[in-house]
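Bear in mind these aren't lab numbers, they're just calculated from the coordinates by the rules spelled out. Worth saying up front: this structure is predicted, and the values here are computed from it rather than measured. Using ideal geometry, Cβ is built from the backbone for each residue, glycine included, and neighbour counts are taken over all protein chains shown.
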């Protein structure tokens, strides 16, 4: 009788062009996510721990990725900076 070793769940990622994946498109690794959101790795970890940024998922033993749909939603919720005209004196 053999037992399956406990570990992270299997993640199915559909080939490009197929949308039936439960995860969808991924942003792999720290370098890519830092470029995508224009933040440093340190700041992202702070935001993840504080609940201000979506956490990564494990894609392998030493690999992580972010779900693009979650990152796009996070971007949409960011406040817009407004610049008003200078008031006349």
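Multiplying the sequence separation of residue 25 and residue 72 by 0.36 nm and subtracting their Cα-Cα distance, what value in nm do you get?
Working: separation 47, 0.36 × 47 = 16.92 nm, distance 1.12 nm.
Net length gain for the segment: 15.8 nm.
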## Note on the structure
Protection proxy (average C-beta count within 10 Å per residue), highest first, orders 59-65, 24-30, 81-87 as 24-30, 59-65, 81-87
### Message
Once you order the gyration tensor axes a ≥ b ≥ c over the Cα atoms, which shape class does segment 29-76 get: rounded for a/c under 1.5, otherwise prolate or oblate by comparing a/b with b/c?
### Response
rounded
